[in-house]
Amino acid sequence: GAAKLNWKDFSSLPFHVPCTPQGCIELLDRIGVDVEGKNAVVIGRSNLVGLPVAMLLLHRNATVTIVHSRTRDIEAVVKNADVVIAAVGRAKMVPGSWLKKGAVVVDVGINSVEDATAKRGYRLVGDVDYDCAREICEWITPVPGGVGPMTIAMLLRNTWNSWKRKNGDSATAGAADDVASEAVEGGKQ
């Protein structure tokens, strides 16, 4: 028989949740965003981030819309979102004007753009125009330094949970959460 899974406690699942989508949800949890009943838009439909994060949001009762390269009037869809997960891989694709006042934005994108003033000749930016968006959003992750550290923390969590499943040790539950707490501190405005 099929058992009901507790999607709010990733350590209770008998399998690994992909690290980056798990990190996005962890960020939302840590800043106190309850997505239940909220409009969540996922920009991007990749198998690695877009689809898994959409499923995780659905399991938390968000109303989820996935937009992609064939979506008509992406701006109108995004403008209605309470929560935006940008995971499309296009530098600054989402301007601040697309965002609803007070939205929460998790920018998964990491793109290099030419920058003659930078030592390497380029700098890293997200899928969202951070400088414009931060004036509109309630909360937005920086790029770099936002989702990346959370992805690493979730990899450690998955490794830890795997060890616990194999060894049946529940006495050390929560130790991986300390790593996640440290990673989330970097995204606060």
(message) Out of 106, 147, 128, I need the residue that is under 21 Å from residue 75 (Cα atoms), in contact with a Ser or Thr (Cβ under 6 Å, 6 or more places away or on another chain), of a type in the set (Val, Ile, Thr) and at pLDDT 95 or above. Which one?
(response) 106
(request) Considering every residue within the range 61-79, establish whether at least one is under 11 Å from the mean Cα position of the chain (by Cα) and free of Cβ contacts under 8 Å to residues at least 24 places away in the same chain. (result) no
(message) Of everything in the range 68-87, what is of a type in the set (A, V, I, L, M, F, W, C) and farther than 16 Å from residue 100 by Cα? Give them in sequence order.
(response) 87
(request) Go through the range 44-61 residue by residue and tally those that are in a helix (DSSP H, G or I) and out of contact with any strand residue (DSSP E or B) (no Cβ under 9 Å at 6 or more places or on another chain). (result) 3
(request) Among the candidates 41, 78, 64, single out the residue that is in a strand (DSSP E or B) and open to solvent by less than 10 Å² (accessible area, probe 1.4 Å). (result) 41
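The values are calculated or read from the model by the stated rules, or taken from the named source; none is laboratory data. The structure presented is a predicted model; accordingly, all values stated were derived computationally and were not measured. Backbone-built Cβ (ideal geometry, glycine too); neighbour counts: all protein chains shown. Note: areas computed on protein heavy atoms with side chains; ligands, DNA, RNA excluded. Shrake-Rupley method; radii C 1.70, N 1.55, O 1.52, S 1.80 Å.
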